[in-house]
1. Under the classification rounded if a/c is under 1.5, otherwise prolate if a/b is larger than b/c and oblate if not, where does the chain fall, given a ≥ b ≥ c as square roots of the Cα gyration tensor eigenvalues?
2. Charges only on Cβ, +1 for Lys and Arg, -1 for Asp and Glu: so what's the dipole of segment 326-404 about the Cα centre, in debye to the nearest 20?
3. At a threshold of 8 angstrom on Cα-Cα distance, excluding pairs fewer than six apart, so keeping six or more, what relative contact order does the chain reach in percent?
4. Can you tell me the order of 288-296, 167-175, 255-263 when each peptide is scored by its average per-residue count of other Cβ atoms within 10 angstrom, highest first?
5. So for segment 264-355, averaging the separation of alpha carbon pairs under 8 Å that are six or more residues apart and normalising by length, what relative contact order in percent results?
6. Starting from the Cα gyration tensor of segment 303-410, take the square roots of the eigenvalues, sort them a ≥ b ≥ c, and report rounded, prolate or oblate (rounded when a/c is under 1.5, otherwise prolate if a/b is larger than b/c, else oblate).
7. Please report how far the C-alpha centroid of segment 346-366 lies from that of segment 11-65, rounded to the nearest whole angstrom.
8. How high is the relative contact order of segment 296-402, given as a whole-number percent (alpha carbon pairs under 8 Å, six or more residues apart)?
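Computed from the coordinates by the stated procedures, all read-outs in this text should not be read as laboratory data. Keep in mind that this is a model prediction, so the values were computed, not measured. Heads up, the Cβs are rebuilt from the backbone with ideal geometry, glycines too, and the neighbour counts pull from every protein chain shown.
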Amino acid sequence: MAVPSHVVFVVPFLLESSLRFAAAAGRLPGVRLAILSQDMPERLPEELRPLVDTFQRVPDAMNSAQLVEGVRVIARKWGGRVDRVMGILEQLQVPLAEVREQLGVRGMDVEEARHFRDKSLMKLRLAEHGLPCARHCLAPNAEEARAFAARVGYPLVVKPPAGAGSRNTFRVESAEDLEGWLRSDPPLTDAPAMVEEFITGEEYSFDTITLHGKHLLHSISRYRPGPLEVIETPWIQWTVQLPRRIDGSEFDEIKQAGPRAIEVLGIQTGLTHMEWFRRPKGGIAISEVAARPPGAQFTSLLSFAHDHDFYSAWARLIIFEEFDVPERKFSAGAAYLRGQGNGRVVAIHGLEAVQRELGPLIVEQKLPRIGQVPTGAYDGEGFLILRHPETEVVARGLEKIVSTVRVELA
Ligand SMILES: Nc1ncnc2c1ncn2[C@@H]1O[C@H](COP(=O)(O)OP(=O)(O)O)[C@@H](O)[C@H]1O
Ligand SMILES: [Mg+2]
């Protein structure tokens, strides 16, 4: 029998969202799986234990020096052999690349990972290649932020250079707003802030599969509304929809710019998640690109739209460098249920009506738990996923859910 592929999956916290990917890797024939975590091994769900050959703990699983030590311990157990070191968290992508470089493990290197992780490096690289994106400044102090504002005008967006989940991201509408921010949380030389031109328009994703530098597949989804607007507006429940067809000319610009962006940022093999805007007066702007599988159920949405398990397909892509291109057969969409008010979840209203009307369209759901503390994130406390061959049917269903279901907090 062929020698198995020895895979270390870094899962700092044993959360369902990460473990689903690790389990997919562990289930592939010919994989020997280790989990490297800062969590307690007892917290590994019973049903996953048979998939895990080795569980190794380190105190801080985001720290590359500790990860190197952890991988070394696993390698000793495995006769020195480690073929892949992988993980899905955005904040892990540079540390994982550092571990690979230090231990000579194949996969994305530090230079590539940094261009996906650092939004300023990313935008400079995209602009250098003539790819459309927002004008930006990595401001190390108040003067540079003011000078950028004077040049570009308002509104602006301020965000951390390596953020995720829209955290600490906000709109600056005026010089007064700008001064307010500069007084309360000024950027520093060793903690600069990204200041960007505000792009209006519809927000979308462009998710890709690349193998050995070759663009194999893309998927487009539409956000309603954009994550920043969701964060700003507590009553809005977010939706994301993958249209059934993406071969129309309305997507020509992103289909040209998207794969080129991935190429200049340097990924050779992987799944990427790009976000982009359609500007109201024409043209597009690429917003950011992550070199990892997307969160917020996107990997499930990809799976439903293509009738193909993208959790497993991603693991196989990274580990065995193989990918079978599936056909897009359905529209799929998620409606995210979000607590309204303050306190904990006390009731979910309107669910029966939605289930009665949309029953057969609902392919997956996770309902908010009574007593749950809201996350404050744009993807809320739970979700319903719909699927149907017709884009319009899914669009109407998502609209129905967010206008009918109300998660009450008290
Ligand atoms: N330049 C911009 N113009 C308008 N909205 C923006 C801009 N940059 C970010 N946003 C909004 O903020 C959200 C979060 O920003 P993003 O750069 O995607 O960071 P994160 O890594 O936190 O997802 C985006 O999804 C979008 O809704
Ligand atoms: Mg984003």
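1. Values: a/c = 1.41, a/b = 1.14, b/c = 1.24.
Cα axes put the chain in the rounded bin.
2. Values: 10 positive and 9 negative charges, 35 e Å.
Using Cβ point charges on Lys, Arg, Asp and Glu, segment 326-404 gives about 160 debye.
3. Values: 843 pairs, mean separation 53.4, N = 410.
Once normalised by length, the contact order is 13 percent.
4. Details: 288-296: 21.6, 167-175: 14.2, 255-263: 19.1.
So the order, starting with the most tightly packed, is 288-296, 255-263, 167-175.
5. On the way: 85 pairs, mean separation 19.0, N = 92.
Here the relative contact order equals 21 percent.
6. On the way: a/c = 3.26, a/b = 1.61, b/c = 2.03.
In terms of gyration-tensor shape, oblate.
7. 33 Å
8. On the way: 159 pairs, mean separation 33.7, N = 107.
Here the relative contact order equals 31 percent.
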